[in-house]
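Here is the structure we will look at.
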Amino acid sequence: MRENPIICGVAEAITKCCSPVCIYLATRKQNTRGELTAFKLLVVVNDVKNVTKIESDIYMSVDCEIPYDVIVYNNSVWENLIDDYGTFAHKVYESGDKLYG
């Protein structure tokens, strides 16, 4: 399936903002007409002290015409969580759409 151009545009803007290791589309919401109404991206970055600052930088730098959410993981945390079957990271790793990396 081809990805929505709005989602791809946001993912591309994020790559310019924070040089991520990878980006996954975690969730997307559509209305009854099949139009995208919201989405959530999971962004993995090289290990930094403060992922909250990167998340904030993304929201301040990347504008979008529809609501979106971003979850940022340090790479070392991500690598540990993707093997833990009960985590959100594992779910996204297994079933999310990899957009970058």
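The values are calculated or read from the model by the stated rules, or taken from the named source; none is laboratory data. The shown structure was predicted, so the numbers you read here are calculated from the model rather than taken from an experiment. In this analysis, Cβ positions are derived from the backbone assuming ideal geometry, glycine residues included, and neighbour counts consider all displayed protein chains. To get the accessible areas, we keep the full protein, side chains included, count just its heavy atoms, and leave off ligands, DNA and RNA. Shrake-Rupley method; radii C 1.70, N 1.55, O 1.52, S 1.80 Å.
Probe of 1.4 angstrom, ligands and nucleic acids ignored: what's the accessible area per residue over the range 1-45, in square angstrom?
53
With a 10 Å cut-off between alpha carbons and a GNM built on the chain, which of Lys16, Lys49, Lys91 moves the most?
Lys49
Got a sec to turn the phi values of the range 46-51 into Karplus ³J(HN,Hα) couplings, 6.51 cos²θ - 1.76 cosθ + 1.60 with θ = phi - 60°, whole Hz, x for Gly and Pro?
Listing the rounded values in order: 4, 3, 10, 5, 10, 5 Hz.
Calculate one ³J(HN,Hα) per residue across the range 89-101 by plugging θ = phi - 60° into the Karplus curve 6.51 cos²θ - 1.76 cosθ + 1.60, and present them in order as whole Hz with x for glycine and proline.
Ordered by residue, 3J(HN,Hα) equals 4, 4, 4, 5, 4, 7, 10, x, 8, 7, 9, 7, x Hz.
Placing +1 on the Cβ of each Lys and Arg and -1 on the Cβ of each Asp and Glu in the chain, which of Asn74, Val92, Asn4 has its Cα farthest towards the positive end of the resulting dipole?
Asn4
Measure off, as a whole percent, the carbon and sulfur share of the 1.4 Å-probe accessible area of the chain, all protein chains present.
47
Write down the radius of gyration of the range 1-42 and its Dmax, each obtained from C-alpha positions, in Å.
11.2, 35
For the range 68-79, what does the Karplus curve 6.51 cos²θ - 1.76 cosθ + 1.60, with θ = phi - 60°, yield as ³J(HN,Hα) per residue in whole Hz, taken in order and with x for Gly and Pro?
9, 10, 10, 10, 10, 10, 5, 4, 5, 5, 4, 4
From the Cα gyration tensor of the range 53-101, with a ≥ b ≥ c the square roots of its eigenvalues, which class applies: rounded if a/c is under 1.5, or else prolate if a/b is larger than b/c, or else oblate?
Since a/c reaches 1.5 and a/b is larger than b/c, the shape of the range 53-101 is classed as prolate.
Throw me the Rg/Rh for the range 1-93, computed over C-alpha atoms with Kirkwood Rh, two decimals.
Taking Rh as the inverse mean 1/r over Cα pairs, Rg/Rh reads 0.97.
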